[in-house]
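What follows is a single structure, written as structure tokens, with notes after it.
The values are calculated or read from the model by the stated rules, or taken from the named source; none is laboratory data. Keep in mind that this is a model prediction, so the values were computed, not measured. Heads up, the Cβs are rebuilt from the backbone with ideal geometry, glycines too, and the neighbour counts pull from every protein chain shown.
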Amino acid sequence: MNNFSKRISFGLIFILILVSAITINQYIFYILFLILSSYGIFEFHKITKSKNLDVPVSIPIISSVFLFTSCFIHALTDNTLLLILSPILFLIIPIIELYRNKAEPIKNIAICFFQILYIGLPFSLCNYLIFPFGNETFSSHILLSVFLLVWTNDSGAYAVGVKFGRRRLFERISPKKSWEGSIGGAFFTFLGAYVISIFFKELSLIEWMGFAAIITVFAGYGDLVESMIKRSLKIKDSGNIIPGHGGFLDRFDAVLFAIPSIFIYMEILKRLA
């Protein structure tokens with residue numbers, strides 16, 4: 001199997017698993033997304049450890065598991081007990097570092113917090129997009145649309161950028177990205193949102209267009225931020241979990257910024273309704 005065929009095959013398998021996890025039921029969603037969140041932090045730990053950053057992997061993983069589970073239970077049952085306890089995680093982390101007696105505790109604490117905020121929090125907010133209207137009713141359409149439009153934006157930007165890209169978008173961070181590609185990605189994202197609005201009636205056409213605008217902006221920033229992280233750590237890919245596609249962060253970089261922004265957008269729409 002050549003590299004192109006491998007990329008396509010494993011990409012389709014990845015999409016099938018992810019879509020199945022979002023659409024089958026809330027418990028399949030919980031299990032897979034909890035695993036994804038934990039693996040994302042584990043991958044981030046590996047790339048920082050390779051640069052001699054002394055951060056324990058167990059602390060951010062356990063913290064993110066607790067946060068994800070708290071949000072899932074709150075979204076599913078409206079029980080807030082675990083969610084109320086979640087902020088204690090941000091007290092425990094520096095206390096643990098106090099007893100580790102390492103040379104650079106501030107750096108270790110900062111990296112732990114960053115992993116939770118960068119990976120654990122967005123995945124935890126997915127729980128509110130899978131129960132999007134606050135009535136503890138499972139609905140896959142909003143979260144599924146986030147992924148569909150992020151993929152559409154990424155594919156459109158790549159196709160247009162390869163063909164017409166001339167003006168660099170952010171050359172210091174990502175030399176290959178172009179303004180033309182970004183505009184092309186936006187066009188296909190809005191087109192995708194229009195198609196989605198025909199089948200998914202949870203939002204009006206205008207609201208789906210706002211959805212697409214948010215995806216376009218924040219997915220692009222998510223991509224650039226991950227490129228900045230890799231450049232600062234002097235690595236090409238964050239890992240190799242999916243052959244031909246790189247690591248977890250390479251596949252979820254745009255989603256990690258898109259999900260919190262869509263969560264805020266949905267909360268605003270609910271209050272305006």
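Odds and ends about this structure:
- Filter pass, ALA103 being touching a residue at least 12 places away in the same chain (Cβ under 8 Å) and surrounded by fewer than 15 Cβ atoms within 10 Å (Cβ to Cβ): yes
- Only one of ILE95, ILE119 that is in contact with a Phe, Trp or Tyr (Cβ under 9 Å, 6 or more places away or on another chain), among the β-branched types (Val, Ile, Thr), in the same structural domain as ILE41 (by TED's automatic domain parsing) and at pLDDT 90 or above: ILE119
- Test: residue in region 62-80 that is over 28 Å from ARG251 (Cβ atoms), part of a helix (DSSP H, G or I) and more than 21 Å from the chain's Cα centre (by Cα): yes
- When we screen ILE31, ILE35, ILE41 for residues that are assigned by TED's automatic domain parsing to the domain that holds GLN115, under 15 Å from the mean Cα position of the chain (by Cα), surrounded by fewer than 16 Cβ atoms within 10 Å (Cβ to Cβ) and at pLDDT 85 or above, the only hit is ILE35.
- The residues on offer are ILE13, ILE17, and the sole one that is loosely packed, with under 13 Cβ neighbours inside 10 Å and within 17 Å of VAL255 (Cβ to Cβ) is ILE17.
- For region 116-223, the helices (runs of 4 or more DSSP H) that sit wholly inside it and include 1 or more residues that are in contact (Cβ under 8 Å) with a residue 24 or more places away in the chain and over 29 Å from TYR30 (Cα atoms) are 141-164, 179-199.
- The single residue among SER64, SER86 that is out of contact with any His (no Cβ under 9 Å at 6 or more places or on another chain), modelled with pLDDT under 90 and among the hydroxyl-bearing types (Ser, Thr, Tyr) turns out to be SER86.
- Qualifying residue in region 245-265 (condition: over 27 Å from PHE44 (Cα atoms) and part of a helix (DSSP H, G or I)): yes
- Only one of GLY210, GLY222, GLY239 that is touching an Asp or Glu at 6+ places or on another chain (Cβ under 9 Å) and either surrounded by fewer than 19 Cβ atoms within 10 Å (Cβ to Cβ) or modelled with pLDDT under 85 (or both): GLY239
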